[in-house]
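Written below as structure tokens is the structure these notes are about.
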Amino acid sequence: MTTDAQQAEPSFRDSVDIMFNRAVSLMELPEGLEEKIRVCNATYTVRFGVRLRGKIETFTGYRSVHSEHMEPVKGGIRFSMGVHQDEVEALAALMTYKCARVEVPYGGSKGGLRIDPNAWEPHELELITRRFAYELIKRDMINPAQNVPAPDMGTGEREMAWIADQYKRMNTTDINGNACVTGKPPNAGGIAGRVEATGRGVQYALQEFFRHADDVKTAGLSGSLDGKRIIVQGLGNVGYHAAKFLSEEDGAKITGIIERDGSLHNEDGIDVEAVRQWIIKNGGVTGFTGATHAENGAALLEAECDILIPAALEGVIDRNNAPNIKAPLIIEAANGPITAGGDEILRDKGTVIIPDMYANAGGVTVSYFEWVKNLSHIRFGRMQRRAEESRHQLIVDELERISKDSSINWTLSPNFKDRYLRGAGELELVRSGLDDTMRTAYQAMRAVWRSRDDVPDLRTAAYLVSIEKVAASYRAKGL
Ligand code: NAD
């Protein structure tokens, strides 16, 4: 039975527009520019057939371009049965604001294929992915200079490698062919640290949040991440990495995990790696020992915890369950996990929400590094690493000489020497660039939140900063 509250729930696309409108009502944009930024420029729908298991199977896919104020446009490709035009357009709009939010030079795009990836064998999925890619490539909807996809729900390194290979087969003389898609495996033009990037970005975002005592206090929390109880929904690429890093490196406790087939709960903390391995082997969380299993997974969203990380899909917190959410701090690792209706209720309750367009921007940030690497045809750190190590060695040698010659008896700890002498390789540089991006992007967003009485939350602040950047780019073009 549908309740009134469910009927009143806006769609994902409408939710993004409602949040956009709330922000632009606080801005002074030239007439018409607001509409130009809000609307989705184009959505291409493709239906194609692939001969599988003795018959032709027809698939429907989309690639939506929200804004071309900068090119190429960027955004993941999702494989899921839930894919539809409204969803792809909402996700493309979010990509525009997300890229502006973390200052990567792209417009926003998104793609999706309506498919259950688990229903097909790998060689069948390869045929389907290559055919979908072919349809997009021949229309320049995958192209290093125009439109660069990446992984999203249901896709990963494997699919990106197929897409890159398909592009290169169709564009044999394009020396920049590898830059047509990001999220590729390291041995196929990828970059170290891309798989973990979105989850790592969630970790860096939370670390930065906890550096601001005022913000922590607004959420009704105190101290650091150490000992904080976290519930995470979706132990896929994003949720797994975020939960793993936060528990292994920051001392946080993962007290709840929600998956498709139910939830796991243990106030003493759950071993994230063990659950991940269990899911890989058994296809779900059911049967995992070491935590209490419940069939109604979504109910755990409403449990007591310090931080809630929805990292699965959109629309999981809405008008219906928002009043029951107890977490004082929510970080949107997924795209659009809170509807506009749910957002309003949580805001009134004082829940602090770190919004998706910032929180999960680690993926597109490292994708940007990968694209730059592909275009420059050289691994980050390759020229500098040994030079950096030699200069460090000079200092260490000099310090040791001084210590030998001086009457004061002091030595460097071996640990210091090892750590200081090691030059930064690609992974260290990627993490450094990502950490810097997440810190500065948070600071820009919170500065607006803290300095303006008419900006009630981080989401509105995020939209304001992003829309201002997109508007400035249009203005520079004379629009
Ligand atoms: P994924 O397919 O790797 O993982 C999704 C996980 O959520 C899976 O473990 C799945 O079983 C689980 N799940 C699906 N439906 C669920 C439900 N109803 N309840 C509980 N769990 C459910 O996908 P991902 O790449 O981790 O993406 C997750 C979210 O993060 C999406 O919203 C995506 O758009 C967003 N995102 C991903 C990236 C990226 O780099 N992969 C970047 C930015 C944003």
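Observations on the model:
- Helical contribution to [θ] at 222 nm, DSSP H n ≥ 4, -39,500 (n - 2.57), averaged over the chain, rounded to 500: -14000 deg cm²/dmol
- This model, with +1 at the C-beta of Lys and Arg and -1 at the C-beta of Asp and Glu, gives segment 418-479 a dipole about its Cα centre of some 160 debye.
- Label zone at R169, where the point sits 7 Å out along the Cα-to-Cβ direction: segment 40-59 residues whose backbone N lies under 15 Å: 50-51
- Cut-off under 5 Å, modelled amide H: who pairs with G262 long-range: G297
- Where labels lie 7 Å past Cα in the beta-carbon direction, separation of L127 and L421 in nm: 5.6 nm
- Global geometry of segment 163-290, whether rounded, prolate or oblate, following the gyration tensor of its Cα atoms and the 1.5 cut on a/c: oblate
- Relative contact order of segment 220-350, taken over Cα pairs closer than 8 Å and 6 or more residues apart, is 24 percent.
- Peptide ranges 190-196, 454-460 listed from the most packed, as the mean C-beta count within 10 angstrom indicates: 190-196, 454-460
- Working from Cα pairs under 8 Å separated by at least six residues, relative contact order for the chain is 16 percent.
- Other residues whose C-beta falls under 14 angstrom from the C-beta of N266 contribute a net charge of -2, scoring Lys and Arg +1 and Asp and Glu -1.
- When the GluC sites (Glu not before Pro) in segment 278-327 are filtered for DSSP coil states and for at most 13 other beta-carbon atoms within 10 Å of their beta-carbon, the remaining sites are E295, E304.
- For segment 212-267 and segment 347-387, distance of Cα centres in Å: 21 Å
- Å² of accessible area per residue within the chain, as computed with a 1.4 Å probe and no ligands counted: 43 Å²
- Extending 7 Å from Cα along the Cβ direction at E388 and again at N187 yields two label points whose distance is 2.6 nm.
- Positive-end residue, segment 382-479 charge dipole about Cα centroid, Cβ charges, pick of M383, L479, M445: L479
- Reach of K469 by Cα under 12 Å, taken over aspartates and glutamates that are not fewer than 8 positions away in the same chain: E103
- Extreme residue, positive dipole direction of the chain, given options P122, C40, V465 (C-beta unit charges): P122
- Computed with every protein chain present, the accessible area of S413 is close to 60 Å² [probe 1.4 Å].
- Accessible heavy-atom area order of H84, H66, highest first, probe of 1.4 Å: H84, H66
- Here's the list of lysines a cross-link from K253 could span, going by alpha-carbon distance under 27 Å and ignoring same-chain residues fewer than 8 apart: K217, K228, K244, K281, K326, K349.
- Partner lysines for K138 [C-alpha distance under 23 Å; skip if fewer than 8 residues away on the same chain]: K74, K110, K168, K184
- Shape of the chain, Cα gyration tensor, a/c cut at 1.5: rounded
- Charging the Cβ of each Asp and Glu at -1 and of each Lys and Arg at +1, and nothing else, the dipole of the chain about its Cα centre rounds to 1480 debye.
- Carbon + sulfur, % of accessible area of segment 220-350 - ligands and nucleic acids excluded, 1.4 Å: 46 percent
- Taking amide H positions as modeled 1.01 Å from N, with prolines and chain starts lacking one, the residues under 5 Å from A42 and 5 or more places away or on another chain are V65.
- With the charge dipole of the chain set up from +1 on Lys and Arg Cβ and -1 on Asp and Glu Cβ about the Cα centre, the Cα lying farthest toward the positive end among the listed residues G433, A303, A205 is that of G433.
- Relative contact order (%) - criterion: Cα under 8 Å, at least six apart; region: segment 267-422: 13 percent
- Electrostatic dipole magnitude of segment 220-350 [Cβ: Lys, Arg +1; Asp, Glu -1; Cα centre; debye, to 20]: 100 debye
- Accessible area of D226 (1.4 Å probe, protein heavy atoms only, ligands and nucleic acids ignored): about 100 Å².
- Once both labels are positioned 7 Å from their Cα atoms along Cα-to-Cβ, the gap between T411 and E273 label points is 3.2 nm.
- Three-way shape label, segment 153-194, alpha-carbon gyration tensor, a/c 1.5: oblate
The values are calculated or read from the model by the stated rules, or taken from the named source; none is laboratory data. Because the structure is predicted, anything quoted here is derived from the model rather than measured. All Cβ positions, even for glycine, are placed from backbone atoms using ideal geometry, and neighbour counts span all protein chains on display. Just so you know, the surface numbers come from the protein's heavy atoms only, side chains and all, with ligands and any DNA or RNA stripped out. Shrake-Rupley method; radii C 1.70, N 1.55, O 1.52, S 1.80 Å.
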